[in-house]
Structures are given as structure tokens and as C-alpha cells.
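Written below as C-alpha cells is the structure these notes are about.
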Amino acid sequence: MTRPIRIGSKLVGEGNPCYLVAEVGINHNGDIELAKMLIQLAKRAGFDAVKFQKRTIEVVYTKEELAKPREHPWGTTNGDLKRRLELGREHYEVIDRYAKEIGIDWFASCWDEPSVDFIDDFAPPAFKIASASLTDDKLLRYTRAKRRPIILSTGMSTMEQVEHAVDVLGTRDLVILHAVSTYPAKYEEINLRVIPVLQQKFPETPIGYSGHESGLASTVAAISLGARMVERHITLDRAMFGTDHAASLGPSGFEKLTRDIRLAEAALGNGQKRLLETEVPIMKKLRRIG
């Protein structure tokens with residue numbers, strides 16, 4: 001049986017409702033008002049948390065990478081785009097106040113050590129390790145040293161790499177998310193049967209699912225396979241400029257996803273076969289023997 005862990009005021013693990021994370025990521029497009037609208041949308045849809053991404057541009061990217069030509073609404077280089085999408089301290093102070101005001105958790109995936117320190121100043125209920133950082137042992141150890149729960153995404157990784165990352169992090173206060181890092185993911189690539197495999201390998205650790213597909217069906221199916229946490233990207237409009245909007249869910253999709261997940265949880269029941277009181281009248285009407 002999994003060992004539930006606490007994130008904010010919620011328990012994540014067997015016997016608890018699936019913890020729902022809305023991945024804002026960089027879908028705020030560098031606009032704090034858009035970020036607030038996405039936070040409100042996640043709260044209205046019944047999600048438990050919103051997640052952002054934090055990078056120190058000069059640490060994560062080389063000068064050559066930042067200088068590459070790239071046409072976009074905010075400039076002509078890759079660096080112009082990366083800097084536009086990176087929120088600063090004043091922005092995160094607004095995010096922190098607003099999330100507390102409306103009553104929703106928030107945290108971030110940090111791509112470098114200064115970003116871990118930056119986000120830790122806000123006392124987040126958890127840290128997220130992005131799939132791209134799964135093999136960065138130094139970053140994993142640095143994040144673990146903050147002594148907060150960690151959510152580990154496992155896209156673009158082999159099982160051996162996942163096992164090594166878990167060895168580095170330890171299983172205390174850890175959630176592991178199955179993920180496929182294509183945007184949007186094709187259904188035939190999603191491979192949800194990895195979820196029970198991860199449960200067998202890490203029996204005390206809650207396992208979840210981080211989805212990048214365009215629809216709802218596979219995310220709901222992940223619940224029936226035992227996912228205790230679900231993460232999906234959120235946007236106001238899937239046609240907006242940006243790399244992640246097409247792999248995100250819009251307002252109606254998010255509300256439908258919450259509804260379907262909670263219905264799926266209710267339908268799974270407790271696994272004990274019994275005669276229901278509501279079945280008795282039908283039984284008397286239709287059963288000839290016994």
C-alpha cells in the first residue's frame with residue numbers, strides 16, 4: 001500500500017481523491033494578468049494546485065542558444081522569447097498572494113539551483129522535477145535538500161534512469177508521474193500501462209500521470225490504473241502563440257476533466273462484490289430462481 005504524502009492541506013496517495021495539478025508552465029506568455037486568469041480557471045474547475053516553470057536564463061541556456069534567430073511576437077531571437085516568458089520576483093509575489101487569496105496551492109518546476117532557491121523563498125508545498133531534469137543528479141540533490149515533497153516527471157526517460165533518479169531522491173515525500181514528452185502526445189504513444197509497472201517497482205510511492213495529449217480519455221483512464229495525481233497543461237486558448245498551448249486544455253476541457261475524474265473515482269468503488277439495496281427490486285422482478 002502506498003504511503004500517502006501531504007501537499008499543502010491535501011493527502012496524496014491510496015484512499016484519497018486524485019490530486020489535480022494545472023500546469024500553467026509558460027502559457028502565461030509573460031503576462032501576469034493572464035497568469036492570474038489561468039490560476040482562477042484552475043480553481044474554478046476544481047483543481048488542487050497550479051504549477052509554473054522557473055529558469056535562470058543565463059544558467060540554463062548558452063549564449064549561442066539565446067542568440068539563435070527566432071521570430072515571435074516579442075522579438076527576433078530565442079533569447080528575446082526566453083526572457084519574455086520568464087517571470088520575475090514581483091510577478092511571483094503577485095502569484096503567491098493571488099493563489100492564497102482564492103485558496104489554491106502553487107509550486108514550480110525549477111530547472112537550475114538558483115531557481116530552486118528563488119521558489120523556496122515562497123515556501124511552496126512541493127517542488128516539481130521536470131522530465132528534462134530527471135538525469136541531473138546535482139539538481140535533484142539540491143532540490144531534495146530543501147526538505148519539501150517532490151513530484152518527479154518521467155518523460156523522455158528509460159526505466160533505468162527513473163530508478164536512478166529515485167535512488168538519488170529517496171522515496172520519502174515523493175510522487176512519481178508517468179509522462180510522455182511529446183507535445184501534443186499521440187494516443188498510441190501514451191502507454192498508460194506503465195502506471196501499474198511503476199506501482200510495482202515503487203510500492204510505497206504514489207504514482208500519477210502527467211499528460212500532454214489534446215483530449216480527456218487517456219487522463220481519465222489513468223485513474224482506473226491507479227493514478228493518484230494528474231497534471232495537465234492549462235490555457236485560455238489552444239490557438240495562442242507558444243509551444244505548449246496546443247498540448248493544453250482550455251476552460252471547458254478543464255471543467256469536463258475534473259467532472260470525469262471524480263465520476264471515474266466514484267465508479268471504481270471498493271472492489272467488494274455485494275448485492276445492493278437498489279438492486280433488490282430488480283432482482284425480485286427479473287430473477288426466476290434464488
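Derivation of every value follows stated rules applied to the coordinates shown; laboratory data play no part. Everything quoted here is computed from the prediction, not taken from an experiment. Cβ sites come from the backbone with ideal geometry, for glycine too, and all protein chains shown count toward neighbours.
Within the stretch 163-195, list the trypsin sites (Lys or Arg not before Pro) lying in a DSSP loop whose Cβ has at most 11 other Cβ atoms in a 10 Å radius.
In loop regions of the stretch 163-195 (DSSP not H, G, I, E or B), the sparsely surrounded trypsin sites (Lys or Arg not before Pro) are Lys186, Arg193.
Taking θ = phi - 60°, what integer Hz values does the Karplus form 6.51 cos²θ - 1.76 cosθ + 1.60 yield along the stretch 221-229, in sequence order, with x for Gly and Pro?
4, 4, 4, 5, 8, x, 4, 9, 9
Taking the Cβ-Cβ separation of Gln40 and Ser181 as r and a Förster radius of 25 Å, what is the calculated FRET efficiency to the nearest 0.05?
On the way: r = 28 Å, r/R0 = 1.12.
Rounded to the nearest 0.05, the efficiency is 0.35.
For the pairs Lys128/Lys186; Lys54/Lys146; Lys201/Lys273; Lys10/Lys128, flag any whose C-alpha to C-alpha distance is greater than 20 Å. Write out the running numbers ahead of the final one.
Working: Lys128/Lys186 24 Å; Lys54/Lys146 16 Å; Lys201/Lys273 28 Å; Lys10/Lys128 16 Å.
Where the Cα-Cα span goes over 20 Å, the pairs concerned are Lys128/Lys186; Lys201/Lys273.
Spin-label point model (7 Å from Cα, Cβ direction): what's the Arg141 to His164 distance in nm?
1.4 nm
At a 10 angstrom cut-off on C-beta neighbours, averaged per residue, how do the peptides 159-165, 177-183, 40-46 rank from highest to lowest?
Working: 159-165: 14.7, 177-183: 20.6, 40-46: 18.6.
Descending packing order for the listed peptides: 177-183, 40-46, 159-165.
How charged is the neighbourhood of Arg70? Take every other residue with its Cβ under 14 Å from the Cβ of Arg70, and add Lys/Arg as +1 and Asp/Glu as -1. Each step should come with its number before you reach the end.
On the way: positive: Lys68, Lys82, Arg83, Arg84; negative: Glu64, Glu65, Glu71, Asp80.
Spelling it out: positives minus negatives among the neighbours equals 0.
Helix 32-44: angle to the longest alpha-carbon principal axis of the chain, degrees 0 to 90, nearest 10?
10 degrees
Out of Pro184, Pro73, Pro251, any idea which swings most in a Gaussian network model of the chain, alpha carbons joined below 10 Å?
Pro73
Using the structure shown, select from Lys36/Lys68; Lys36/Lys256; Lys43/Lys68 the pairs with a Cα to Cα distance greater than 26 angstrom.
Checking Cα-Cα distances, Lys36/Lys68; Lys43/Lys68 exceed 26 Å.
Could you tell me the extents of the chain's C-alpha atoms along the three principal axes, largest first, rounded to whole Å?
80, 39, 39
With label points built 7 Å along Cα→Cβ from the Cα atoms of Leu263 and Leu225, find their separation and express it in nm.
In this crude label model, Leu263 to Leu225 measures out at 2.1 nm.
What percent do you get for the relative contact order of the chain when only Cα pairs under 8 Å and 6+ apart count?
That works out to 19 percent.
Can you tell which of Gly269, Gly75, Gly30 shows the greatest fluctuation in a Gaussian network model of the chain with Cα springs below 10 Å?
Largest GNM mean-square fluctuation: Gly269.
Scan around Ser109 for amide H atoms under 5 Å from its own, H built in the peptide plane at 1.01 Å from N, and keep only partners 5 or more places away or cross-chain.
Phe52, Gln53, Lys54, Lys128
In a GNM of the chain with a 10 Å cut-off on Cα contacts, which of Asp120, Asp137, Asp167 has the highest mean-square fluctuation?
Of the options given, Asp167 has the highest mean-square fluctuation.
At 20 °C and 1.002 mPa s, grab the translational diffusion coefficient of the stretch 24-100 from Stokes-Einstein with a Kirkwood Rh over Cα pairs, rounded to a whole number in µm² per second. Write down the numbers at each step before the final one.
Working: Rh = 13.5 Å.
Estimated diffusion coefficient is 158 µm²/s.
Rounded if a/c is under 1.5, else prolate if a/b is larger than b/c, else oblate: which is the stretch 39-159, with a ≥ b ≥ c the root eigenvalues of its Cα gyration tensor? Write out the running numbers ahead of the final one.
On the way: a/c = 1.76, a/b = 1.20, b/c = 1.46.
Cα axes put the stretch 39-159 in the oblate bin.
Taking the Cα centre of the chain as the origin and placing charges on Cβ (Lys, Arg +1; Asp, Glu -1), which of Asn29, Ser214, Phe127 is farthest toward the positive end of the dipole?
Ser214
Under a crude label model (7 Å from the Cα following the beta-carbon direction), how far is Gln200 from Glu71 in nanometres?
5.1 nm
If I stretch the segment between Leu276 and Ser218 completely, what's the gain in nm (0.36 nm per residue apart, minus their alpha carbon distance), one decimal?
Values: separation 58, 0.36 × 58 = 20.88 nm, distance 3.00 nm.
Extra length available between Leu276 and Ser218 comes to 17.9 nm.
Under 5 Å between amide hydrogens, which residues at least 5 positions from Glu231 or on another chain qualify, with H placed 1.01 Å from N in the peptide plane?
Val21, Tyr209, Ser210, Gly211
So if I take the centroid of the Cα atoms in the stretch 130-207 and the same for the stretch 22-36, what is the distance between those two points in Å?
24 Å
Mind ranking 6-14, 95-103 by how tightly packed they are, going by the mean number of other C-beta atoms within 10 angstrom, highest first? Show your work: numbers first, answer last.
Working: 6-14: 17.0, 95-103: 14.2.
The peptides rank, most packed first, as 6-14, 95-103.
Run the helix sum for the chain: -39,500 (n - 2.57) per DSSP H stretch of 4+ residues, divided by residue count, reported at 222 nm to the nearest 500 deg cm²/dmol. Display every interim value, and only then the final one.
Values: 13 runs with 116 residues, N = 290.
My calculation for the chain gives -11000 deg cm²/dmol from helical runs alone.
Which residues' amide hydrogens lie under 5 Å from the amide hydrogen of Arg3, considering only partners 5 or more residues apart or on another chain, with H built in the peptide plane?
Thr205
For the Cα atoms of the chain, what angle does the longest principal axis make with the long axis of helix 159-169, in degrees from 0 to 90, nearest 10?
70 degrees
Taking Cα centroids, how far is the stretch 273-290 from the stretch 63-127 in Å?
Here the answer is 58 Å between Cα centres.
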